[in-house]
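As structure tokens, the structure follows; a few thoughts come after it.
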Amino acid sequence: MTMTSFDRSTRAAVLALACAAGLGGCAPATVAPAVQPGAAPAPSAQAMIPLPRDIHSFARPEQARVTHVGLDLRADFASKTLEGTATLDVQAAPNVHEIVLDTRDLEIRKVTDGAGREMPWEFGQADEVLGRPLTVGVPDGRRIVIHYRTSPGAGALQWLTPEQTAGKRHPFLFSQGQAILTRTWIPTQDSPGIRQSYDARITVPAGLTAVMSADMLTPQGEAVQGGRAFRFRLDTPVPPYLIALAVGDLAFRATGPRTGVWTEPVTLDRAANELAELEKFVDAAEALYGPYRWGRYDVLVLPPSFPFGGMENPRLTFATPTILAGDRSLVSLIAHELAHSWSGNLVTNATWADFWLNEGFTTYFENRIMEALYGPERAAMLASLGWGNLQTAIGDAGGPGAADTRLHIDLAGRDPDAGMTEIPYEKGATFLRTLEQAVGRERWDAYLRAYFDRHAFQPMTTERFLADLRANLIRGDAELERRLMLDEWVSGTGVPSNAVRRESSAFARVEAEAQRFLAGTPAAQLATGQWSTQEWQHFLGALPQGLTAAQLGDLDRAFRLSQQGNSEILFAWLQMAVRHRYEPALPALERFLTSQGRRKFVRPLFASLMAQGEWGQAHARRIYQLARPGYHPVTSGSVDEIVR
């Protein structure tokens, strides 16, 4: 970045600040020395973290950066707004007297310093993807207070009516900041590389409870005019997309000494039963890759409109109710979100071009947790399904030569959501699995545990990861370097030829039953026994296009597929039904699409409908008109591009 207004001495001071804060401006990259497992990274290690420019933020962290956010907000369900103040602690270079923040659709009332004196501020030019920069004068005390209100249409916030909740009695609010939506409810530097601690005072109507991704200082709240106020604090700096809030009629049940479940009271028994083994998950994760560093690990089961399977907010994972299958068969999602406590929350992608460093590592780690808890065969089935999802995603991206099949992706001019396909998840996990096989599990696990220790609470880039890998795993072994094909993995398209693919022996038996069915064996006579969710998914995926209506009806009657309570099995069945234009499944399809808003399910089903000519397009438009008002903007924004 050019800084024409600074003389050389000031520029040197700016670079020193940026380097010390882990924001770039450092000497040529060097790799931090290894530390003992469980130890905090040494200060010298944190002082050598070059951070690339984040094209999805207006922030100029090499000049001034936010280090702490203090929120004092009131939730108004009538106007669908949050109103109050954000107090920002700022670290600035000498002679720098302004800071640039990210905002989108925020109404700024005024800006003051910590003593209440008004400070100058102005909005910059709006950008369709990024929102608007907010430039604020920085006082000598390095603290600014922004008085503001959110928009009723803030992209991070979903305000639910009582009818949209499970209990049907009280309204509900939740936030979803990833990737660049935190700026729609907090004026701050909304870049994953700029870690910030935070505290909050959230005032809500009487009868409701506020929870956040932070230590809950007042579990019962404090009586205030018009409701109750809840206080929170998180002293550990996090990327701003992990600042999260939910407000509703909530109840809590402990599942262990440091784990528990939050949800609406009517859902609590189901959720607590489904997630009863949370403590075992944390124990298994710690045994693999070191201590859990966030205190508690609780899960908030949200209303059905939540757009993701889960969101790894520190201390409080937000989860979709679609995981409540009744038999704990979909708990791999919890393994995934818990794994983010290391890969993503502890070591974070510096920009969204490096998203695979969050999700590829986490998908690999998730599979290792599932193997530790449920055995190698369950893990092999999950990995095999992931491989299939990767092949589909590569096809959707344009084939193995398409630019968006790279791990380090070019997102210039695009919303970061464009890169959130299965590719960073499954190609990234396959890359790590390939590394594990090349060097052996014991050596790989020792490296990965030390990697989390070396880089704890720091941003990470693909370049820095490769440098760390070469310094601490490859260690000059030219033959190993050649076999690993590192640059082809991160910069090349498609899947490299050395990729390790896990096979499942159970799936071979499932495929045999699929062949029996195709040969004429009635569905009720198939040896489905105690098939797991993954075996059912593979069975439905193994059946070819071109089944007759009679065959589809036989499957539906024998296995009650349209009445499935397991969302993954139901989704696989409905995809098959749509591709075959199987009319008897349409009521189940409409129920599924109007009763939950998980983008993983919603977007592909509408895409499949739209691909079925006039028949499917008519159903897609009719159902979407009914379903869209209940979807989060993350989901509706994706489907709007499909259903036209």
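Sorted by mean Cβ packing within 10 Å, highest first, what order do the peptides 289-297, 255-263 take?
The densest-packed peptide leads the list: 255-263, 289-297.
Need one number for the chain: average projected area of the convex hull over its C-alpha atoms, nm².
28.6
Given R₀ = 22 Å, what would the calculated FRET efficiency be for Arg233 paired with Arg253, taking r from the Cβ atoms and rounding to 0.05?
That gives a FRET efficiency of 0.40.
Would you please put 453-462, 397-406 in order of how densely packed they are, using the mean number of other Cβ atoms within 10 angstrom per residue and starting with the highest?
The packing order, highest mean first, is 453-462, 397-406.
Determine the shape class of the range 343-428: with a ≥ b ≥ c the square roots of the Cα gyration tensor eigenvalues, call it rounded for a/c under 1.5, and otherwise prolate if a/b is greater than b/c, oblate otherwise.
In terms of gyration-tensor shape, oblate.
Please state the shape class of the range 263-408: rounded when a/c is under 1.5, otherwise prolate if a/b exceeds b/c and oblate if not, all from the C-alpha gyration tensor.
Cα axes put the range 263-408 in the prolate bin.
Can you give the accessible area of Lys80, probe radius 1.4 Å, in Å² rounded to 10?
Here the accessible area works out near 90 Å².
Which parts of the range 73-88 would a label at Ala206 reach, counting a residue when its backbone N lies under 18 Å from a point 7 Å out along Cα-to-Cβ?
75-78
Using the scaling law 2.2 N^0.38 Å as the reference, what is the normalised Cα Rg of the range 459-592?
After normalising by residue count via 2.2 N^0.38 Å, the value is 1.55.
Do me a favour and compute the ellipsoid semi-axes for the range 360-400 from its Cα gyration tensor, root of five times each eigenvalue, largest one first, whole Å.
They are 24, 11, 5 Å, listed from largest to smallest.
Using a 10 Å Cβ count of at most 16 others and DSSP loop calls, identify the longest part of the chain lacking such GluC sites (Glu not before Pro).
By the stated rule (loop sites, at most 16 other Cβ atoms within 10 Å), 129-502.
Give me the accessible area per residue for the chain, probe 1.4 Å, as a whole number in Å².
38
With the contact rule set at Cα under 8 Å and sequence spacing of 6 or more, what percent relative contact order holds for the chain?
With pairs under 8 Å counted, the relative contact order is 11 percent.
Would you kindly find the accessible area of Asp249, with a 1.4 Å probe and non-protein molecules such as ligands, DNA and RNA excluded, rounding to the nearest 10 Å²?
Approximately 40 Å² of Asp249 is accessible to the 1.4 Å probe.
How much accessible surface does Val643 have with a 1.4 Å probe, in Å² rounded to 10?
Per-residue accessible area (Val643): approximately 20 Å².
Counting only protein heavy atoms and using a 1.4 Å probe, what share of the accessible area of the chain belongs to carbon plus sulfur, as a whole percent?
50
Would you mind estimating how fast the range 326-384 diffuses translationally, via Stokes-Einstein at 10 °C and 1.306 mPa s with the Kirkwood radius over Cα pairs, in µm²/s?
Answer from the Stokes-Einstein relation: 134 µm²/s.
Could you state the per residue volume, in Å³, of the convex hull enclosing the Cα atoms of the range 121-215?
In the range 121-215, the Cα convex hull volume per residue is 149 Å³.
Where q = 0.13, 0.16, 0.20 Å⁻¹, what log10 of I(q)/I(0) comes from the Debye formula for the range 382-481, counting one point per Cα?
After summing over all Cα pairs, the log10 values are -0.58, -0.86, -1.15.
When the convex hull of the C-alpha atoms of the range 407-450 is computed, what volume per residue in Å³ does it have?
80
Probe radius 1.4 Å, ligands and nucleic acids left out: which of Asp235, Asp477 has the largest accessible area, and how do the rest follow?
So the residues, ranked largest to smallest area, are Asp235, Asp477.
By how many nm would the segment from Gln125 to Ala403 lengthen if fully extended, with 0.36 nm per residue of separation less the alpha-carbon distance?
Length difference between fully extended and current span is 97.1 nm.
Quick check: net charge around Arg449, other residues with Cβ under 14 Å of its Cβ, Lys/Arg +1 and Asp/Glu -1?
Here the count lands on -1.
Once the Cα gyration tensor of the range 51-160 is found, what semi-axes does its equivalent ellipsoid get, as square roots of 5 times the eigenvalues, in whole Å, sorted largest first?
Ellipsoid half-lengths, sorted descending, are 24, 18, 11 Å.
The values are calculated or read from the model by the stated rules, or taken from the named source; none is laboratory data. Just so it is clear, the structure is predicted and the values come from calculations on it, not from any experiment. Every residue, glycine among them, receives a Cβ derived from its backbone with ideal geometry; neighbour counts consider all protein chains shown. Quick note on the areas: whole protein, heavy atoms, side chains included, nothing else; ligands and nucleic acids left out. Shrake-Rupley method; radii C 1.70, N 1.55, O 1.52, S 1.80 Å.
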